[in-house]
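To start, the structure under review is shown below, and the notes come after it.
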Amino acid sequence: MKLSPFKLERFFARYEFNVRYVLCASDCETFSVRDLLALEPEAEARLLDLRLGYTESSGAPSLRQAIARLYTTMDPDEILVHSGAEEAIFTFMVAVLRPGDHIIVHSPCYQSLAEVARGLGCQVSFWPANESQGWGLDPQDLRRLIRPYTRAVVINVPHNPTGYLMPREVFDEIHRLTQKHGLILFSDEVYRELEYDPAQRLPAACDVNPQAVSLGVMSKAYGLPGLRIGWVATHRQDLLQAMAVVKDYLTICNSAPAEVLAEVALKHREVLLERNRAILSQNLEYLSSFFQRYPERLSWVPPRAGSVAFPRLLEGDVEAFCEALVVKTGVLLAPGTLFDDMGNHFRLGLGRRNMPEALTLLEAFMEEWRTLPTL
């Protein structure tokens, strides 16, 4: 197996902890350990008395029970906990795919959703989102991409980096097509519960499709990436067992303190979600006004869910623009090339409280950027 460098993660390794504002962050405002423990008076003693031994490879039973409650049809033994969503993506791909298999991936995408399969010797077809249609997906395109040796379809909803939330009829057609052709549907749902209109929230894929695998994580909607707790949920016990075998060669088991804190957070998840949705709502207002002021330089499709958007730079080269911005102001945006997008887009994060401050610096930069020699 040979993997290409993970462009986005290498980009963050260079910049994330060395800049003033990470305006391309995909997670929401985080919480402290103190914040979490304050939600449950007994939790502090539980954490302090915790024995730091190995944990169950599949995840603590009480944590899996808390995760199962996020779904309508899942039992705790249908949950496999991982060290973040990234490990879960990797174990799924290695467990399910073989050289020569074909997968179809919603794009643009988080690189590992396609790259791990490619590294395993699989053929990857991208199912492109259509910006002119609000970053929508056309099920007819999916139908044309399916081959006799297609093994899986990978979707991300709500979508990173565009903020797209597919309509229910598109969601249902994807499930119909994948089940008709006997395909596994891997559904990256790490931004689920961040829909701006809760009435538009889609069911978890695993709750409506016996061949589906839903991916969740504490990092995005809940603002707890430092816990490194993710999971998959599926009725396919054979897939769970195959993934558990792969996990034995990776982390084996999860961090005991992280599992305790994740369980506390999930018990009180509405508190976390309410705060993060409020931040998103306020930041969306700032962004709407900002883009209205630059119609000749920037365009965007406003996101409908999640904590990211994918605007387009209408003048100049987006990589040069992002580089000049971070050098001059300390504000970091992620060029779309990190997602293999050649449309001059950049990822913008709207889940942090300091976004208005970063936006003020970005706006000042917009007034002078065309005169900079690097552009």
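The values are calculated or read from the model by the stated rules, or taken from the named source; none is laboratory data. On a predicted model such as this, the values are computed, not experimentally measured, just so you know. In this analysis, Cβ positions are derived from the backbone assuming ideal geometry, glycine residues included, and neighbour counts consider all displayed protein chains. Each accessible area value is taken on the protein alone, full model and side chains, heavy atoms only, with ligands, DNA and RNA left out. Shrake-Rupley method; radii C 1.70, N 1.55, O 1.52, S 1.80 Å.
General observations
- A simple charge model with +1 on the Cβ of Lys and Arg, -1 on the Cβ of Asp and Glu and nothing else charged puts the dipole of the stretch 254-371 at about 380 debye relative to its Cα centre.
- Rg in Å to one decimal, and Dmax rounded to a whole Å, for the stretch 249-375 via C-alpha atoms: 18.0, 53
- Applying D = kT/(6 pi eta Rh) to the chain, where Rh is the Kirkwood radius over alpha-carbon pairs, T corresponds to 10 °C and eta to 1.306 mPa s, the Stokes-Einstein value obtained is 74 µm²/s.
- About the Cα centre, charge dipole magnitude for the stretch 60-102 (Lys/Arg +1, Asp/Glu -1 at Cβ), debye: 60 debye
- In the chain, helical runs assigned H by DSSP with n ≥ 4 each contribute -39500 (n - 2.57); averaged across all residues and rounded to the nearest 500, the mean residue ellipticity at 222 nm is -11500 deg cm²/dmol.
- Value of Rg to Rh for the stretch 189-230, rounded to two decimals, is 1.02; Kirkwood radius and Rg both from alpha-carbon coordinates.
- Antiparallel DSSP beta bridges within the chain, as percent of all bridges there, nearest 5: 45 percent
- The ratio of the alpha-carbon radius of gyration of the stretch 101-156 to the globular-protein estimate 2.2 N^0.38 Å is 1.10.
- For the stretch 269-310, the spread of Cα coordinates along the three principal axes comes to 41, 15, 10 Å, biggest extent given first.
- Candidates TYR164, TYR196, TYR110: whichever shows maximal mean-square fluctuation once the chain is modelled as a Gaussian network with Cα springs under 10 Å: TYR196
- Per residue, the chain exposes an accessible area of 42 Å² to a 1.4 Å probe, with every protein chain left in place.
- Note on LYS2: lysines with a C-alpha under 30 Å away, same-chain residues under 8 apart excluded, are LYS220, LYS247.
- Amide H contacts of LEU194 (H built 1.01 Å from N, under 5 Å, at least 5 apart or other chain): GLY306
- A full extension of the chain between SER299 and MET1 corresponds to an added length of 103.3 nm, given 0.36 nm per residue minus the alpha carbon distance.
- Summing Lys and Arg as +1 and Asp and Glu as -1 over all other residues whose Cβ lies under 9 Å from the Cβ of ALA60 gives a net charge of -2.
- Extreme residue, positive dipole direction of the stretch 1-91, given options LEU50, THR73, SER83 (C-beta unit charges): SER83
- When the Cα positions of LEU361, LEU287, ALA212 are compared along the charge dipole of the chain, ALA212 comes out farthest toward the positive end, with charges on each C-beta of Lys, Arg, Asp and Glu.
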